[in-house]
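Here is the structure we will look at, set down as structure tokens.
Read the figures in this text as sums done on the coordinates, not as results from a lab. A quick note: this is a predicted structure, and the numbers were derived from the prediction, not measured. Quick reminder, even Gly has a Cβ in these numbers, built from the backbone with ideal geometry, and neighbours come from all protein chains shown.
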DNA sequence: CTCGTAGGTCAACGCTTGTTGGCAGATTAA
DNA sequence: TTAATCTGCCAACAAGCGTTGACCTACGAG
């Protein structure tokens, strides 16, 4: 709201604080992802970032502000219009798997969303603003878009839950290609198949 | 561990404490389900049960003991040998939906499992001891049982997550029969179809 | 050199948490 | 009636929480 991270427009001297900000955000992502919102304490995050807890407040105002700044909300979903019609399921599953493995932000959002009402609201927002439009591109009947997108969300978030949060051993053992082969047709059917 | 709730075997005088125990457990289930482990405070639970927080400690030893006593672990999964081979998917989805709607215990386990490592371990135990054996009844290749059961868990827990924890509106709007019709074939395929 | 300011530490605040021990009625047994 | 055993409340504890404000230090601009 107040300031942007990259304000290196005209002032060449790169503020020393940029490194600190980054360290705090990295530590926060890790803690939120592994501990959830309540147990990820500002003191622990500050300790990880090797600074004083009060700096976190100075930089991000509050714990909520820190969380908002630490987790990304952009799923960077592919443009399904450029994907062969019968490949959208596999494409989505593959994209989601890449997203979850590339960093811990999504694990953080899911963990927090499961305990915190504000976090749940945030996930509902992601669903509405990012998954719904993509589903609209491939669903036959516009009226069924929300339901079909919700079914996809259930399958994809269920995979993330078992694999990255609960860490069920068999869910972790499955290779990426196996998961795409298993879940791809499911998502494909939820999005494009006629209603059962 | 120490005592059972129903010890009305020979001692007819029903202890007055039984009602209190029950009130505490009911309040605990509600709080754990709606707030998760960390935010469900003993004080709040005691307030709901209209007793002193110290009573909770006397009856259950600790917060962990209370949680263990409050949430059930029995999924009461049906004997799939008695279900027509091509109906097991629909039967499982229907059974799970009933389970989640009949009380809040499963919501509590899921919410806690998502934030608390001990809770996650408990969910892994439920998977191993209750879902795996059932999957073994219908899976063709014994070697694939864990993977196939994990896929089912992902789909079913994903449904629970979106519908009962995150409360995505479209996931809540779907009727029970619609969910069975959509997810039944998916679970059926995960359990019985040949590997993709 | 001086000075304003950004980056950072320290100590404390008010509050909530899980947990404990002591004490008061009620209920039961002898 | 007396003694023992439940059932319960009260007050407090140590620890941890998010958050605040005073203070110190370095440094680039004037």
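The calculated FRET efficiency for residue A:193 paired with residue A:118, based on their beta-carbon distance and R0 = 30 Å, is about 0.25.
Rounded, prolate or oblate, given the Cα gyration tensor of the protein assembly as shown, with a/c below 1.5 counting as rounded? Oblate is the answer for the protein assembly as shown, as a/c is 1.5 or above yet b/c matches or exceeds a/b. For the segment B:125-136, counting C-beta atoms of other chains within 10 Å of every residue's C-beta and taking the mean gives 1. Based on the alpha-carbon gyration tensor of chain A and its eigenvalue square roots a ≥ b ≥ c, which shape applies: rounded if a/c is under 1.5, prolate if not and a/b is larger than b/c, or oblate? It is prolate, given that a/c is not under 1.5 and a/b is the larger ratio.
Taking Cα atoms, how many degrees apart are the long axis of helix B:17-39 and the longest axis of chain B, rounded to 10 and kept between 0 and 90? With both axes taken from Cα atoms, the answer is about 60 degrees.
What do you get for the angle between helix A:88-102 and the principal long axis of chain A? Use alpha-carbon atoms, 0 to 90 degrees, nearest ten. Value to nearest ten degrees: 20.
Projected onto planes of every orientation and averaged, the convex hull of the alpha-carbon atoms in the stretch B:80-192 covers 6.9 nm². Nearest beta carbon of chain B to the B-to-A rotation axis, with distance in whole angstrom: B:158, 1. The mean sequence distance of close C-alpha pairs (under 8 Å, at least 6 residues apart), as a share of the length of chain B, puts its relative contact order at 23 percent. Between this copy and the others, label points of residue B:41 are 1.5 nm apart in ascending order, each placed 7 angstrom from Cα in the Cβ direction.
Modelled label positions at residue A:41 and residue A:81, each set 7 Å beyond Cα in the direction of Cβ, lie 5.2 nm from each other. With label points defined 7 Å past Cα in the direction of Cβ, position residue A:141 shows copy-to-copy spacings of 3.7 nm, given to one decimal and shortest first.
Comparing B:149, B:118, B:26 in a Gaussian network model of chain B (Cα springs below 10 Å), the most mobile by mean-square fluctuation is B:118. Rounded to the nearest whole angstrom, the semi-axes of the ellipsoid equivalent to the stretch B:17-70, taken from the Cα gyration tensor as √(5λ), stand at 15, 11, 10, largest first. In this label model, residue B:57 and residue A:62 are separated by 3.2 nm, measuring between points 7 Å along each Cα→Cβ vector. When residue A:84 is represented by a point 7 angstrom out along its Cα-to-C-beta vector, the spacings to that point in the other copies are 3.6 nm, nearest first.
When shorter helices are ignored and each DSSP H run of at least 4 residues is given -39500 (n - 2.57), the per-residue value for chain B at 222 nm works out to -20000 deg cm²/dmol. Helix A:176-192 and the long axis of chain A differ in direction by around 70°, with both axes built from C-alpha atoms.
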